[in-house]
1. Restricting the stretch 58-97 to residues that are modelled with pLDDT under 90 and surrounded by 18 or more Cβ atoms within 10 Å (Cβ to Cβ), which is farthest from residue 248 (Cα to Cα)?
2. How about the stretch 3-12: which of its residues are over 13 Å from residue 55 (Cβ atoms) and in a helix (DSSP H, G or I)?
3. Of all residues in the stretch 87-110, how many are of a type in the set (A, V, I, L, M) and closer than 10 Å to residue 139 by Cβ?
4. Could you check the stretch 149-194 and list, in sequence order, the residues that are surrounded by 13 or more Cβ atoms within 10 Å (Cβ to Cβ), charged (D, E, K, R) and not in a helix (DSSP H, G or I)?
5. Name the single residue, out of those in the stretch 254-287 being of a type in the set (Gly, Ala, Ser) and not in a strand (DSSP E or B), that is farthest from the chain's Cα centre (by Cα).
6. Since residue 4 meets every condition but one in (1) among the hydrophobic types (A, V, I, L, M, F, W, C); (2) surrounded by 13 or more Cβ atoms within 10 Å (Cβ to Cβ); (3) without any contact (Cβ under 8 Å) to a residue 24 or more places away in the chain, which condition does it not meet?
7. Which of the residues belonging to the stretch 107-120 are surrounded by 17 or more Cβ atoms within 10 Å (Cβ to Cβ) and either hydrophobic (A, V, I, L, M, F, W, C) or free of Cβ contacts under 8 Å to residues at least 12 places away in the same chain (or both)?
8. In the stretch 7-51, what count of residues is obtained for those that are surrounded by fewer than 14 Cβ atoms within 10 Å (Cβ to Cβ), farther than 23 Å from residue 250 by Cβ and touching a residue at least 40 places away in the same chain (Cβ under 8 Å)?
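The values are calculated or read from the model by the stated rules, or taken from the named source; none is laboratory data. This structure is a prediction, so every number in the text was calculated from the model and none was measured. Note that we place each Cβ from the backbone using ideal geometry, even for glycine, and neighbour counts take in every protein chain shown.
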Amino acid sequence: MDEVLSNVIKKNKSVFDMFKGYKEDEKVKITYIMGNHDRLINSEGYDDIREKIREASGITYVKNKGEPFPWEYRVDGLPIYAVHGNNYDVYNKTEDNALPVGDAIVTLLINQYPEEVKKVIDDPKVHHDLQEIDNLRPSTITPYWIDQVKSSLKPKKNQDILIDTWKRLSDQFFNNAFVKDWMQKHDYLSLLPDDADKLEIAFKHFTDTTLERIYEKFLEIKRDFIKDTDKNALEALKLCEKYQCDYVLFGHTHESYVQLLDVENGTERYYINTGTWRRRIVPGGYKKKQIVFGQQESIDYVLFKIDEQSNEVKGFQLWNGTSNRGELFYSKEE
């Protein structure tokens, strides 16, 4: 873990220095909120790891050195509640130290697939394109991305390798004991696809691939994704009531979003998603016969105007900058 973290800090030194600069130059307090991807950092015995993160980024100490990072952000007197949001995603919930099935998807499918294909097709471009699966949003469009990579391959036997390798890993995934147990717990009688059905639809449907069928299933998943956005807003409304707050902030979905939840006695309540700074490969949903893909990078800031005397929130702003060429974060040197 220490070696991995050292490499992360080295590779992203400019980002860590930026956060550190906010603290040193602007006297900004930085709070690190945990999520599903980094949750193991809070494990017992990782005090030195947490200390290394604090030193690299300038995160303010709360009580003691090495203490775990918080899972939520609340400030007494302010009607703001922030949390990563993964516990409202059935595939990435980490409540009660449960292992999310999302981890299994990444380790058994997403990460394994490019390496397994590379053993047979030693083509750097193919390997790179398949590694891009990690940047797909939503990740349930993975087979459609593979179909696009496949269409550029020659000879046909290489196309078959991509499909056969995915089918093999997919079968292994759904036969994994942990995954089978998760599927049984989330499989219930319903006229509509349940959470287990959706997982199978997303990662098993290479068996019936025509472009028309691919597009049809993409639209199904897109509708489900929109429904999930609504689910997050509904969960945010519950949190507003639970914590008596007016603003609930999530991340996790990698898509910035604002939704008015309620107005009570003239006070507006909002669900706000802060998006992500990671590069995303996103599908276009308006071409009639196939899915198309593009890449985007975004910077999203949520700013609150607070009256220093009354400690009252006067309003918020969501700032977004998006580029499809990567200029937001770096310029490539020749």
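1. Looking at the filtered set, the residue picked out is 58.
2. Quick first cut of the stretch 3-12, residues over 13 Å from residue 55 (Cβ atoms) only: 3-4, 7-8, 10-12.
Across the stretch 3-12, the qualifying residues are 3, 4, 7, 8, 10, 11.
3. Filtering the stretch 87-110 down to residues of a type in the set (A, V, I, L, M) leaves 90, 98-99, 101, 104-106, 108-110.
Then keep just the ones that are closer than 10 Å to residue 139 by Cβ; that gives 105-106, 109-110.
Of the residues in the stretch 87-110, 4 are of a type in the set (A, V, I, L, M) and closer than 10 Å to residue 139 by Cβ.
4. 187, 194
5. Of the stretch 254-287, the ones of a type in the set (Gly, Ala, Ser) are 256, 266, 275, 284-285.
Within this subset, residues satisfying the condition of being not in a strand (DSSP E or B) are 266, 275, 285.
Details: 266: 34, 275: 9, 285: 20 Å.
My answer is 266.
6. That leaves (2) as the condition not met.
7. So in the stretch 107-120, the residues surrounded by 17 or more Cβ atoms within 10 Å (Cβ to Cβ) come out as 108-110, 113-114, 117.
Matches in the stretch 107-120: 108, 109, 110, 117.
8. Final tally of qualifying residues: 1.
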